[in-house]
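The values are calculated or read from the model by the stated rules, or taken from the named source; none is laboratory data. Just so you know, these numbers come straight off a predicted model, no measurement behind them. Positions of Cβ are backbone-derived with ideal geometry, glycine not excepted, and every protein chain shown enters the neighbour counts. Surface accessibility is based on the protein's heavy atoms, side chains included, excluding ligands, DNA and RNA. Shrake-Rupley method; radii C 1.70, N 1.55, O 1.52, S 1.80 Å.
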Amino acid sequence: MLFRSQLNTGRFYAYTQEPNTFYFRFDDDIVYVDPSYFENILRFRLANPQYFLVFGCIWNNAIISWLQQEAGHLGTEHGRVEAPYCMDPVGWQSPDYAEYIHRVLLGHIEGGTTGELFIKDYELAEARRFSISNFCFSGEDCAEWGGSTPEDDEEIFLTEHYPQRTNKLSVICGSALVAHF
């Protein structure tokens, strides 16, 4: 059962259908935006119009944590994210792991080395579910689906159902770093 407030979030898209316009969705608990975020994600978006949603490299996101471990940016001493799955028990549920990765990020922010945490861009093949705390999309794409998420919560609709129906996949821009609390 979904909470009404989560369903209400999806109503935002009715106002995001202007042609030749890019929109950004940020959860209210995004706690860090890398200085190069907007430049990097917009450059990627313009060069890759075939994607439906372009996600930031969202720190404290299970799939991104898996990618970060695969890239050698995060250790496994506080847990191992086993697969690129958005509900992974370590990457999604472990408070110890979340504290660990935030401390890693804080060290990079303090050291001015956040660019070392950039990863390769990653296409979300097979329209698997992804946590939607940050992404960029076009007004044209939103107008195509009418800006309404009628049958499910916005996360399932935007990352699974709509992409499966249209074969229009989404992607993670590995150089657009943001942190999710």
Of the numbered conditions (1) out of contact with any Asp or Glu (no Cβ under 8 Å at 6 or more places or on another chain); (2) in contact (Cβ under 8 Å) with a residue 60 or more places away in the chain; (3) open to solvent by 20 Å² or more (accessible area, probe 1.4 Å), ARG45 satisfies every one except a single condition; which is it?
(3)
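If we keep just the residues of the range 106-158 that are assigned to a strand (DSSP E or B) and open to solvent by less than 20 Å² (accessible area, probe 1.4 Å), which is farthest from ASN48 (Cα to Cα)?
Keep residues of the range 106-158 that are assigned to a strand (DSSP E or B), which gives 122-123, 134-138.
With open to solvent by less than 20 Å² (accessible area, probe 1.4 Å) added as a condition, the list becomes 134-138.
On the way: ASN134: 18, PHE135: 14, CYS136: 12, PHE137: 11, SER138: 12 Å.
Within the range 106-158, the match that is farthest from ASN48 (Cα to Cα) is ASN134.
If you check ALA14 against the conditions, is it in contact (Cβ under 8 Å) with a residue 40 or more places away in the chain, farther than 24 Å from THR166 by Cβ and open to solvent by 50 Å² or more (accessible area, probe 1.4 Å)?
On the way: in contact (Cβ under 8 Å) with a residue 40 or more places away in the chain: yes; farther than 24 Å from THR166 by Cβ: no; open to solvent by 50 Å² or more (accessible area, probe 1.4 Å): yes.
The answer is no for ALA14.
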Can you tell me which residue is farthest from the chain's Cα centre (by Cα) among those in the range 87-97 that are under 13 Å from TRP59 (Cα atoms) and surrounded by 19 or more Cβ atoms within 10 Å (Cβ to Cβ)?
TYR97
What pairs come out if I take residues in the range 161-172 that are assigned to a loop (DSSP other than H, G, I, E, B) and pair them with residues that are modelled with pLDDT of 90 or more and of a type in the set (D, E, K, R) whose C-beta lies under 7 Å away, six or more apart or interchain?
LEU169/GLU123
Exactly one condition in (1) under 13 Å from the mean Cα position of the chain (by Cα); (2) over 28 Å from GLY112 (Cβ atoms) is false for LEU67; which is it?
(2)
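Would the range 54-68 turn up any residue that is surrounded by fewer than 17 Cβ atoms within 10 Å (Cβ to Cβ) and closer than 28 Å to GLU160 by Cβ?
no
Matching residues to (1) of a type outside the set (D, E, K, R); (2) over 13 Å from the mean Cα position of the chain (by Cα); (3) open to solvent by 40 Å² or more (accessible area, probe 1.4 Å):
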position	(1), (2), (3)
ILE41	yes, no, no
PHE52	yes, no, no
HIS73	yes, yes, yes
GLU77	no, yes, yes
VAL81	yes, yes, no
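Please verify whether the range 98-105 includes one or more residues that are in contact with a Gly (Cβ under 6 Å, 6 or more places away or on another chain), open to solvent by less than 80 Å² (accessible area, probe 1.4 Å) and not hydrophobic (A, V, I, L, M, F, W, C).
Restricting attention to the range 98-105, the residues satisfying the condition of being in contact with a Gly (Cβ under 6 Å, 6 or more places away or on another chain) are none.
Looking for residues that are in contact with a Gly (Cβ under 6 Å, 6 or more places away or on another chain), open to solvent by less than 80 Å² (accessible area, probe 1.4 Å) and not hydrophobic (A, V, I, L, M, F, W, C), one finds none in the range 98-105, hence no.
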